[in-house]
Protein chains: 2
Amino acid sequence: MDYQPRLDDVRFVLDDVLGTWPKLRALAPFAEVDDALAGQLLDEAGKFVGEVIAPLNRIGDAVGCRWADGEVTAPPGFRDAYQAFVEAGWPALAAATEDGGQGLPAVFEAVLFEWLSAANHGWTMAPGLLHGAYECIRHHGSEALRQRYLPKIASGEWLATMCLTEAHAGSDLGQVRTRAVPQPDGSVRVSGGKIFISGGAHDLSDNIVHLVLCRLPDAPAGPKGLSLALVPRDLPDGTRNAVHCDRIEEKMGLHGSPTCAMRFDDATGWLIGEPNRGLAAMFVMMNAARLHVALQGIGLLDAAWQKADAYARERRQMRAPGAPGTAAPASRGGEASDLIVEHPAMRRILDTQRAWIDGARVIAYRTAAQLDVARHDADPKQRERAQRWCALVTPVLKAACTQQAFSGASECLQVFGGHGYVREWGIEQLLRDARVTMIYEGTNEIQAIDLLVRKVLPDGGAGMSALLVELRDELEAARDIDADVQRRLAQVRYLTTTLAMAATADPKLPYEVADDYLRVVMLSLLAWAWARIGRACEDTTRDRSAEAAFQRWVLPEFELRLGIVKRACEAVTARPQTA
Amino acid sequence: MDYQPRLDDVRFVLDDVLGTWPKLRALAPFAEVDDALAGQLLDEAGKFVGEVIAPLNRIGDAVGCRWADGEVTAPPGFRDAYQAFVEAGWPALAAATEDGGQGLPAVFEAVLFEWLSAANHGWTMAPGLLHGAYECIRHHGSEALRQRYLPKIASGEWLATMCLTEAHAGSDLGQVRTRAVPQPDGSVRVSGGKIFISGGAHDLSDNIVHLVLCRLPDAPAGPKGLSLALVPRDLPDGTRNAVHCDRIEEKMGLHGSPTCAMRFDDATGWLIGEPNRGLAAMFVMMNAARLHVALQGIGLLDAAWQKADAYARERRQMRAPGAPGTAAPASRGGEASDLIVEHPAMRRILDTQRAWIDGARVIAYRTAAQLDVARHDADPKQRERAQRWCALVTPVLKAACTQQAFSGASECLQVFGGHGYVREWGIEQLLRDARVTMIYEGTNEIQAIDLLVRKVLPDGGAGMSALLVELRDELEAARDIDADVQRRLAQVRYLTTTLAMAATADPKLPYEVADDYLRVVMLSLLAWAWARIGRACEDTTRDRSAEAAFQRWVLPEFELRLGIVKRACEAVTARPQTA
């Protein structure tokens, strides 16, 4: 069974829970965005994903990408699907109209990429970096680079990569050694090796634009000496640049996406942004990519849920307590048995994943909408507030949604019993594919440190506190469930302050509990989301079982994690001070 | 890096924590078992595992088993290794001397199979069912069957399978349709298809003995109409029996073990045990197998930890808070960086896995020792008590250790960053291999139901309560840590009673919280184990960081799960009674 986007689920979150369109219409560029446009666009997106992209998922895994003599061939059907994607204008969705884009809100792109990832994670890796590259060149590229590359990337005619990692330096970008030597004509010659480059070589598009983290000859050591160069595979005169793909990795999953070892051999490129400011330029791309990875997580989890749910509603297994039971024919022993979905343990697995999917969608779509507020709101305070939301919530979403994609897909696999472990049903592919999302674009441990050490603690928790207050003010204290969430948000604020104080006594502490802190934040965001969903469900006939599952099975982790952080803080402050 | 058994770790648990040998020597058959014998045996086992079995793990995954024309070829080297295993007498370790075995305590076999699984899970599947088949035939087989098959199986000359699952019935054995038709000569003709048969066909041994769950023509419907037949691939006269392997599954992992679809086509067999009592005979085998699966979990987790620990102690990445930092040469940017193991988030991952491995070993080895007490103790009360321990603790170990093998291997993979996701380092193989242990020999959800619904609740929790009291009495209330564990054991007793009462009001409830209950029990057992380990560490220089990790990161789940079960019980009893 291939993944099928379920438009109603997404529209419920966008329309009823978040009230997205009126808010976006308040931003000048989106005055025309209404229900009708959104409905039509998402409907078309859903069809494209379900009909063109989803059917290629299995072959992408089974055949995978092939490397021969430096050239990489994508799995059968992938190039045609990509060309159809470009022709339909999907890459240009959120790019500015002046660059040939459609100038639509980021939230459409968010939903599109969530669905694409759910349907075919491997294929989706190819266009997945387009928008980040677009933003990076748009904001940091020279006029000449913008003119030459921006329209091609906005349209998706050329694909892009992000070349960061080197063999000796994984998460540690400060150790990057690739060199860029300036030339009299303003170009640079780039030399060095990069690994783990998604889409470094393939046959999907006619050119590939590499954004390469590198070091000028006189650059200072460490991350402050990094520059960013644009290095196209094919040069403007049509000749091949000195860019080589030496091999592709054999991986646990994601076989539909080539993970390339790249070699730049005095390749011609041009700096993007100022010398030694490459990391700043790259971060534009990485932040966009991180939200996309969170959406991949949500999509993959939804795909796993969809498969398991369908299986559980079709197949019978033993008697379930309190269920009706249907007698099997005598030829099958005559024993009565119930649908798998009637078994409480299985139902719990399914409802718990829906609790994550629906709740995380609320937070992720809100984040996508905040991206546009941060760009387009007339009020600088609103822009700043939205910027703060994106900075704080993106790492939380990236880590929590990818973690849940993996562990939730594993739970969904369990619904299939032994059949889950064999290739046939495709659930094990989702598990293998999902695993990488916990690693790339910054491991989940790095997201947690990014959140706590780089973003929350430097201002003593003030920014996070303001965000939590903002959420609190959107709730209605008269509703019991909202009051409970308000209490939790207050607990997170208090915890943040406690942690900020304890961290001054022991600088190691935040690194030890960063993961717990991130989970506390995510669970409070989810609690907020579910209060909002519950409100939107009132007076409707929507099924409330995921809401119950959230309260029973998901939310209790909040106290667990809160307790771990608290005790760690107490242990630090109880220690005799040696001053 | 191939897995290397670490003898000291295991001996510390067996000798110092559990005081295993004096206890076993009190049983008549093991009067000769002492430290010296144990040391020599385990030393030899460790060498065999490390030198012969571990080096074949990668090729087992990469090449896998091949099916052609009904015959299955094991990966290169597997047959030779198996023959060496047989020649060294390892299969016969715990088999009775009168059957050609060595008559040694089960705990040796437990350690051997834990190490084998850690070194090469795929290969170990082949001999993994030998001992269960041995016990099954020994206790339920006719004199003729015992004479013909027991010595061959005790020696490992012939391998054995367990043929339960059919395509239309996974966990639901009541739906088994394979037919056995009695013949005038006392044999049966067996016809039907079985799937997911580990080692159903291969070239490791000269014959394969299938134990097949089947149904006599006049049998009642459901599980009470099941019989067990022994069906050899090669008949006593040397001709091939009508036993066919139609295909092997393509799986997520465990490629070194063929998972076969078997077809019995009027194959000749003989009933083991009484007609319609097949499940009872099979359960002997399944319970032995379940402890072995728990040991696989511990082994796989230890293998993952070993890989990640070695990687983290060799590779540098960024600065760690409070760590010394070593400057890289100028050619590498000159930036200082620390070993991965110095980073708190990574250290936490590693220590947490050790907390699980060491704690679970205490419980698993104790269970293996209790198997022998249950068989050989002169006092029937002791035998009964030991039997109760095995019945209650085996499903807990099976579910919890395999769950941790998978999630812990995933955490260990995280230590490698992007390198963890590529094949090269072998950590992703461990993750793929480990996943199946949560499914086979009864899914983990079935283990939880087995524990709570079939074993704990029927006597109102009396058996579990007695077991918890037994553990309490082995602790010293004067030690703070022991007192804390005693408090937890009392909480589990109280919870059990509460649950037994609430279950009478809502029969569905135990099915909903069975998993949480199992976790509560496991965590209380681990807390007990760590109190014992702590005691054994006193006045030694052993590293205590895993003990601290257990208290900080593992044990808090106890309250989480306890709370979930409690609230579920309260919700039931608060409900208006409709009597």
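Taking first residues from the stretch A:215-228 that are without any contact (Cβ under 8 Å) to a residue 40 or more places away in the chain and under 15 Å from A:ARG189 (Cβ atoms) and partners that are among the hydrophobic types (A, V, I, L, M, F, W, C) and outside any loop (DSSP other than H, G, I, E, B), the Cβ contacts under 9 Å between residues at least 6 apart in sequence or on separate chains come to A:ARG215/A:ALA180; A:ARG215/A:LEU226; A:PRO217/A:ALA180; A:PRO217/A:VAL181.
What do you reckon, is A:TYR421 closer than 30 Å to A:ARG315 by Cα and either at the interface with chain B (Cβ under 10 Å from one of its Cβ atoms) or β-branched (Val, Ile, Thr) (or both)?
Working: closer than 30 Å to A:ARG315 by Cα: yes; either at the interface with chain B (Cβ under 10 Å from one of its Cβ atoms) or β-branched (Val, Ile, Thr) (or both): yes.
Considered against the rule, which asks whether it is closer than 30 Å to A:ARG315 by Cα and either at the interface with chain B (Cβ under 10 Å from one of its Cβ atoms) or β-branched (Val, Ile, Thr) (or both), A:TYR421 comes out as yes.
Pairs please, first residue from the stretch A:87-108 and over 18 Å from A:ALA368 (Cα atoms), second anywhere and assigned to a loop (DSSP other than H, G, I, E, B), Cβ atoms under 9 Å, 6+ apart in sequence or on different chains. These pairs meet every condition: A:GLY89/A:GLY101; A:GLY89/A:GLN102; A:GLY89/A:GLY156; A:THR97/A:GLY103. Residues that are within 18 Å of B:TYR365 (Cβ to Cβ) and of a type in the set (Phe, Trp, Tyr) within the stretch B:496-539 comprise B:TRP528, B:TRP530, listed in sequence order.
Only one entry in B:ALA201, B:ALA154 is in a loop (DSSP other than H, G, I, E, B), within 28 Å of the chain's Cα centre (by Cα) and away from chain A (no Cβ under 14 Å), namely B:ALA201.
Scanning the stretch A:563-579 for residues that are at pLDDT 95 or above and more than 10 Å from chain B (Cβ to nearest Cβ) yields A:VAL565, A:LYS566, A:CYS569, A:GLU570. Here B:ARG432 meets the list (1) facing chain A (nearest Cβ under 9 Å); (2) out of contact with any Lys or Arg (no Cβ under 7 Å at 6 or more places or on another chain); (3) closer than 19 Å to B:LEU523 by Cα almost entirely, failing just condition (3).
Among the listed residues B:THR437, B:THR394, identify the single one that is under 18 Å from the mean Cα position of the chain (by Cα), of a type in the set (Val, Ile, Thr) and within 11 Å of another protein chain (Cβ to nearest Cβ).
Working: B:THR394 fails: within 11 Å of another protein chain (Cβ to nearest Cβ).
Residue meeting the stated conditions: B:THR437.
Among all residues of the stretch A:446-465, there is at least one that is more than 8 Å from chain B (Cβ to nearest Cβ), free of Cβ contacts under 8 Å to residues at least 40 places away in the same chain and acidic (Asp, Glu).
Scanning the stretch A:67-86 for residues that are in contact (Cβ under 8 Å) with a residue 24 or more places away in the chain, outside any helix (DSSP H, G or I) and not small (Gly, Ala, Ser) turns up A:TRP67, A:GLU71, A:VAL72, A:THR73, A:PRO75. Kindly provide the set of residues from the stretch A:160-198 that are without any contact (Cβ under 8 Å) to a residue 12 or more places away in the chain, among the charged types (D, E, K, R) and within 10 Å of chain B (Cβ to nearest Cβ), ordered by number. Within the stretch A:160-198, A:ASP172 is the sole residue that qualifies.
The numbered conditions (1) of a type outside the set (A, V, I, L, M); (2) farther than 21 Å from A:ARG348 by Cα; (3) within 12 Å of chain A (Cβ to nearest Cβ) are all true for B:ASP506 except (2).
Among the residues of the stretch A:329-342 satisfying the criterion of being in a loop (DSSP other than H, G, I, E, B) and more than 7 Å from chain B (Cβ to nearest Cβ), which is modelled with the highest pLDDT?
Of the stretch A:329-342, the ones in a loop (DSSP other than H, G, I, E, B) are A:329, A:333-335, A:338.
Still in the list and also more than 7 Å from chain B (Cβ to nearest Cβ): A:329, A:338.
Numbers: A:PRO329: 56, A:ASP338: 90.
Ranking the candidates gives A:ASP338 first.
Scanning the stretch A:105-162 for residues that are within 15 Å of A:ARG290 (Cβ to Cβ) and of a type in the set (S, T, N, Q) turns up just one, A:SER117.
Quick grid of which residues meet (1) among the basic types (Lys, Arg); (2) modelled with pLDDT of 95 or more; (3) assigned to a helix (DSSP H, G or I):
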position	(1), (2), (3)
B:ARG347	yes, yes, yes
B:ASP351	no, yes, yes
B:ALA355	no, yes, yes
B:GLN370	no, yes, yes
B:ALA378	no, yes, no
B:VAL396	no, yes, yes
B:ALA400	no, yes, yes
B:SER407	no, yes, yes
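Are any residues in the stretch A:204-214 under 19 Å from A:ARG240 (Cα atoms), in contact (Cβ under 8 Å) with a residue 60 or more places away in the chain and part of a strand (DSSP E or B), and if so, which ones? Within the stretch A:204-214, A:VAL209, A:LEU211 qualify.
Would you kindly identify the helices (runs of 4 or more DSSP H) lying entirely within the stretch B:418-469 that contain at least 1 residues that are surrounded by fewer than 24 Cβ atoms within 10 Å (Cβ to Cβ)?
Values: elements: B:418-421, B:427-435, B:444-449.
Hits in the stretch B:418-469: B:418-421, B:444-449.
Quick grid of which residues meet (1) outside the structural domain of B:PRO22 (by TED's automatic domain parsing); (2) under 19 Å from B:ALA38 (Cβ atoms); (3) surrounded by 21 or more Cβ atoms within 10 Å (Cβ to Cβ):
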{"site": "B:ASP61", "(1), (2), (3)": "no, no, yes"}
{"site": "B:PHE85", "(1), (2), (3)": "no, no, yes"}
{"site": "B:GLY89", "(1), (2), (3)": "no, yes, no"}
{"site": "B:ALA92", "(1), (2), (3)": "no, yes, yes"}
{"site": "B:GLN102", "(1), (2), (3)": "no, yes, no"}
{"site": "B:ALA106", "(1), (2), (3)": "no, yes, yes"}
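Residue-wise test of (1) touching a residue at least 60 places away in the same chain (Cβ under 8 Å); (2) touching an Asp or Glu at 6+ places or on another chain (Cβ under 6 Å); (3) surrounded by 15 or more Cβ atoms within 10 Å (Cβ to Cβ); (4) within 26 Å of A:GLY19 (Cα to Cα).
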residue: A:ALA514; (1), (2), (3), (4): yes, no, yes, no
residue: A:MET522; (1), (2), (3), (4): yes, no, yes, yes
residue: A:ALA527; (1), (2), (3), (4): no, no, yes, yes
residue: A:SER545; (1), (2), (3), (4): yes, yes, no, yes
residue: A:ALA548; (1), (2), (3), (4): yes, no, no, yes
residue: A:GLU559; (1), (2), (3), (4): no, no, yes, no
residue: A:LYS566; (1), (2), (3), (4): yes, no, yes, no
residue: A:ARG575; (1), (2), (3), (4): yes, no, no, no
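Screening the stretch B:405-414 for residues that are more than 9 Å from chain A (Cβ to nearest Cβ) and aliphatic (A, V, I, L, M) and picking the one that is surrounded by the most Cβ atoms within 10 Å (Cβ to Cβ) gives B:ALA405. Given the condition β-branched (Val, Ile, Thr), farther than 30 Å from A:LEU451 by Cα, buried (at least 17 other Cβ atoms within 10 Å of the Cβ) and within 14 Å of chain B (Cβ to nearest Cβ), answer yes or no: does some residue in the stretch A:237-250 qualify? Checked against the condition, which is being β-branched (Val, Ile, Thr), farther than 30 Å from A:LEU451 by Cα, buried (at least 17 other Cβ atoms within 10 Å of the Cβ) and within 14 Å of chain B (Cβ to nearest Cβ), the stretch A:237-250 yields at least one hit.
Return yes or no: is A:ARG542 among the basic types (Lys, Arg), part of a loop (DSSP other than H, G, I, E, B) and more than 30 Å from A:ALA571 (Cα to Cα)? Working first, answer last.
Numbers: among the basic types (Lys, Arg): yes; part of a loop (DSSP other than H, G, I, E, B): yes; more than 30 Å from A:ALA571 (Cα to Cα): yes.
Taking the combined requirement at face value, the residue satisfies it.
A:ALA180 meets all of the listed conditions (1) part of a strand (DSSP E or B); (2) surrounded by fewer than 17 Cβ atoms within 10 Å (Cβ to Cβ) but one, namely (2).
So which residues in the stretch B:237-255 are in a strand (DSSP E or B) and either modelled with pLDDT under 95 or among the charged types (D, E, K, R) (or both), if there are any at all? Talk me through it step by step, then tell me what you get.
Just the residues of the stretch B:237-255 that are in a strand (DSSP E or B), to begin with: B:240, B:243-248, B:251.
Passing the criteria: B:ARG240, B:ASP246, B:ARG247, B:LYS251.
Can you confirm whether B:ALA310 is buried (at least 20 other Cβ atoms within 10 Å of the Cβ) and either without any contact (Cβ under 8 Å) to a residue 60 or more places away in the chain or assigned to a helix (DSSP H, G or I) (or both)?
Details: buried (at least 20 other Cβ atoms within 10 Å of the Cβ): no; either without any contact (Cβ under 8 Å) to a residue 60 or more places away in the chain or assigned to a helix (DSSP H, G or I) (or both): yes.
Against the criterion (buried (at least 20 other Cβ atoms within 10 Å of the Cβ) and either without any contact (Cβ under 8 Å) to a residue 60 or more places away in the chain or assigned to a helix (DSSP H, G or I) (or both)), B:ALA310 does not qualify.
Looking only at residues in the stretch B:28-55 that are touching a Pro at 6+ places or on another chain (Cβ under 7 Å) and part of a helix (DSSP H, G or I), the one that is surrounded by the fewest Cβ atoms within 10 Å (Cβ to Cβ) is B:GLY50.
The values are calculated or read from the model by the stated rules, or taken from the named source; none is laboratory data. Quick caveat, the model's predicted, so the values are computed rather than measured. Note: ideal-geometry Cβ built from the backbone for every residue, glycine included; neighbour counts use all protein chains shown.
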